[in-house]
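Everything below concerns the one structure shown next.
The values are calculated or read from the model by the stated rules, or taken from the named source; none is laboratory data. Everything quoted here is computed from the prediction, not taken from an experiment. Reconstructed Cβ throughout: ideal geometry from the backbone, glycine too, with neighbour counts over all protein chains shown.
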Amino acid sequence: MDILNQHSGLWLLGLALALLATGVIAGILAGLLGVGGGIVIVPVLYHLFTLLGIDESVRMHVTVGTSLATIIPTSIMSSRAHRKRGSLDLALIKRLMPSVIVGVLAGSVASRYLSGSVLTAVFATVALVVALNMAFKREGFALADGLPGQVGTSLLGGGIGGISTLMGIGGGTLSVPILNALRVPMHTAVGTGAMLGMVISFPGALAFLINGLGVAGRPPASLGYVNLLGMATIVPATMATTGWGAKLAHAIDARRLRQVFAVFLALTSLRMFYGLLH
């Protein structure tokens with residue numbers, strides 16, 4: 001517990017309150033915009049850890065590891081809810097699952113050797129693509145009718161699993177727009193994304209936990225690259241406020257909100273790129 005003794009009680013209280021606020025923001029935005037919590041938690045945590053002066057060499061690793069850990073319980077609950085509503089296509093899951101698992105394993109191994117700068121670049125690049133998709137996607141746009149052949153589906157699943165693990169997000173942020181562009185019904189795409197979040201988050205978080213054991217510079221109350229204080233405060237706050245966001249979505253222009261969030265993601269991406277270049 002020596003690491004806790006390096007900081008005052010007031011500093012730790014401030015950290016806990018900031019992490020709680022992160023969970024509230026993530027929950028509301030996830031409910032409002034229909035996006036996975038990870039795509040919100042990662043940039044907010046990244047900015048928070050930057051303000052707190054967390055060592056740059058571990059900042060993104062702790063951000064990603066903590067985000068993956070917070071996704072575990074929420075993805076389990078979300079998957080159960082979608083299954084009860086009949087929005088899970090088990091045939092689709094069976095086609096994607098093996099390659100997603102391979103991608104998660106590859107991403108987990110790679111995360112041990114990649115620097116914080118590389119992880120930041122991965123998130124910044126994909127976040128910018130997601131932001132552009134959210135801001136400019138045309139209704140009814142489709143790449144093809146259904147999943148590609150076996151090789152194409154394997155590459156698709158592997159990419160979703162590997163990139164999501166390195167970004168610290170569940171599968172929904174990538175899988176939902178991709179599957180929907182392949183004419184998979186939106187409800188089925190969202191249910192599939194929730195199920196993939198279960199597959200991605202647990203081994204991904206475990207890998208970041210193991211890879212970060214004994215590494216210097218991590219924030220207090222961290223086990224490996226998973227900040228336990230962050231997980232303990234973000235998960236309840238996110239689960240409590242997602243419903244608020246869903247209710248607000250009916251009273252606010254959802255399309256305009258998605259554009260605003262797209263701007264936030266794009267600015268976060270550009271901020272990360274700027275940090276990498278300076």
note = Picked from the range 191-220 (must be outside any helix (DSSP H, G or I) and among the aliphatic types (A, V, I, L, M)), the residue farthest from Ile101 (Cα to Cα) is Ala216
ask   = Would you say Ile163 is closer than 24 Å to Ser115 by Cβ, touching a Ser or Thr at 6+ places or on another chain (Cβ under 9 Å) and of a type outside the set (Asp, Glu)?
value = no
task = Being modelled with pLDDT under 80 and closer than 30 Å to Arg59 by Cα is the filter; apply it to the range 141-175 and report the residue that is surrounded by the fewest Cβ atoms within 10 Å (Cβ to Cβ).
result = Thr173
message = For the list (1) closer than 16 Å to Ala127 by Cβ; (2) surrounded by fewer than 24 Cβ atoms within 10 Å (Cβ to Cβ); (3) at pLDDT 85 or above, I need the number of the one condition that Val58 fails.
response = (1)
note = Note: among Ile93, Ile72, Ile76, just one is of a type in the set (Val, Ile, Thr) and in contact with a Leu (Cβ under 9 Å, 6 or more places away or on another chain), namely Ile93
inquiry  = Name the single residue that is nearest to the chain's Cα centre (by Cα) among those in the range 178-198 being surrounded by 24 or more Cβ atoms within 10 Å (Cβ to Cβ) and not small (Gly, Ala, Ser).
reply    = Leu196
inquiry  = Taking the condition of being surrounded by 17 or more Cβ atoms within 10 Å (Cβ to Cβ), closer than 22 Å to Thr63 by Cβ, among the small types (Gly, Ala, Ser) and modelled with pLDDT of 90 or more, how many residues in the range 75-107 meet it?
reply    = 2
key: Selection from the range 150-175 of residues that are hydrophobic (A, V, I, L, M, F, W, C), assigned to a helix (DSSP H, G or I), in contact (Cβ under 8 Å) with a residue 60 or more places away in the chain and under 26 Å from Leu45 (Cβ atoms)   = Ile160, Ile163, Leu166, Met167
task = Return yes or no: is Thr120 more than 27 Å from Ser154 (Cα to Cα) and either surrounded by 15 or more Cβ atoms within 10 Å (Cβ to Cβ) or out of contact with any Leu (no Cβ under 9 Å at 6 or more places or on another chain) (or both)?
result = no
inquiry  = Kindly evaluate Thr165 against the criterion of being closer than 21 Å to Arg83 by Cα and among the hydroxyl-bearing types (Ser, Thr, Tyr).
reply    = no
